[in-house]
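Below: one structure, written as structure tokens.
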Amino acid sequence: MSTRQRITLAEFLGSHFLKVRAEKLNAEALDEMTVGERYAAKFGGQVAGWVSLPNPPKRASVTNKLTFLAWVRKYMPDEIETVEIVRPGTQASLLAAAKASGGQWLNKETGKYVEIDGITFGVGDPSPRVELTDEAAEAIGTAWRAGEIDLTPMLALPVPLSAEPGSATDTQIGRLLTVYQSDFGYKRAEQDQMVSASGRIVRRDLAGDLHGLSEAEAAKLLDTLDGIADRGQLDGLLAEPATETAS
């Protein structure tokens, strides 16, 4: 697909799914879920997200400034203060002049441009604008059913981590060694202890080598170690009796 097609597709799908969520999914959630509960959303047996229905927030806002001001003046007159502000129309015209003249204002009395203090002037990055036609849904739907649309490059979903023993990357192994030495005070010569600790955490015999870890195990191990405060807490975890995992 061309860049124009991909931008249009992203615009359509983004607005489409926002509409589906607002008009359908949110209502279904209110019927199916309990306020305060947290539910796992699984795909292929793996948790991809957690969905919850929070307590609805309580809101208060001023919708009529003049009426609110009169009320406060009546009941709390000492809480009224006078503030000097630039007239909104003048502010708007000055900002328009700044955009047109590079942050300057034309003093008509002198005929000279003057830098406007207290504002920030700049030029934003250009961004493509998409104007969907009334036929967008039909055109995209037809192309989708015909197999002409491949979302894979746009989704750029991460490749699942390998569970194959020995697939841990050199970067992962290097990070593990750094964490053990820097965060928990292990010495370089204590490789066996680091391997043993890792094996206890992933619940598998690593045969004396961190390189025996799978890519998925190494990632999980790094996450686990990141949540451990110090060597004492780590030693306490390692001292706990090993439990069998469900098969």
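May I ask you to derive the relative contact order of the chain, considering only C-alpha pairs under 8 Å and at least 6 residues apart, and to give it as an integer percent?
13 percent
Can you count the Lys pairs in the chain whose Cα atoms are under 27 Å apart, with each pair 8 or more apart or on different chains? Going through the chain pair by pair, I get 10. Think of each Lys and Arg Cβ as +1 and each Asp and Glu Cβ as -1; about the Cα centre, that makes the dipole of the chain roughly 880 debye. In the chain, taking the dipole from charged Cβ atoms about the Cα centre, the farthest positive-side position among Ile228, Ser2, Ala22 is held by Ala22. Over the residues of the chain, the helix contribution to mean residue ellipticity at 222 nm works out to -13500 deg cm²/dmol, using -39500 (n - 2.57) for each DSSP H run of at least 4.
Rounded, prolate or oblate: which one fits region 115-247, using the alpha carbon gyration tensor with axes a ≥ b ≥ c (rounded when a/c is under 1.5, else prolate when a/b beats b/c, else oblate)? Oblate is the answer for region 115-247, as a/c is 1.5 or above yet b/c matches or exceeds a/b. Hey, if you put +1 on the Cβ of every Lys and Arg and -1 on every Asp and Glu Cβ in the chain, which of Gly122, Gly49, Gln104 ends up farthest toward the positive end of that dipole? My answer, from the dipole projection, is Gln104. Overall, region 63-117 carries a charge dipole of about 320 debye about its Cα centre when +1 sits on the Cβ of Lys and Arg and -1 on the Cβ of Asp and Glu, all other atoms neutral. With R₀ fixed at 30 Å, the C-beta to C-beta distance from Asp170 to Asp230 puts the FRET efficiency at about 0.65. Cα extents for region 170-239 along the principal axes, largest to smallest and rounded to whole angstrom: 26, 22, 19.
Of Leu95, Ala137, Tyr186, whose Cα points farthest to the positive end of the dipole of the chain (charges on the beta-carbon: +1 Lys, Arg; -1 Asp, Glu; origin at the Cα centre)? Towards the positive end, the residue furthest out is Leu95. Quick one, which of (1) 30.6, 87; (2) 19.6, 64; (3) 19.1, 71 is the actual Rg and Dmax of the Cα atoms in Å calculated for this model? It is the one labelled (1). From the square roots a ≥ b ≥ c of the eigenvalues of the alpha-carbon gyration tensor of region 41-104, which class results: rounded (a/c under 1.5), prolate (a/b over b/c), or oblate? Note, shape of region 41-104 comes out oblate.
Read-outs: derived from the displayed coordinates by stated rules, not from any lab. Given the structure is predicted, the values throughout are model-derived calculations rather than measurements. Please note: Cβ atoms are built from the backbone with ideal geometry, for glycine as well, and neighbour counts cover all protein chains shown.
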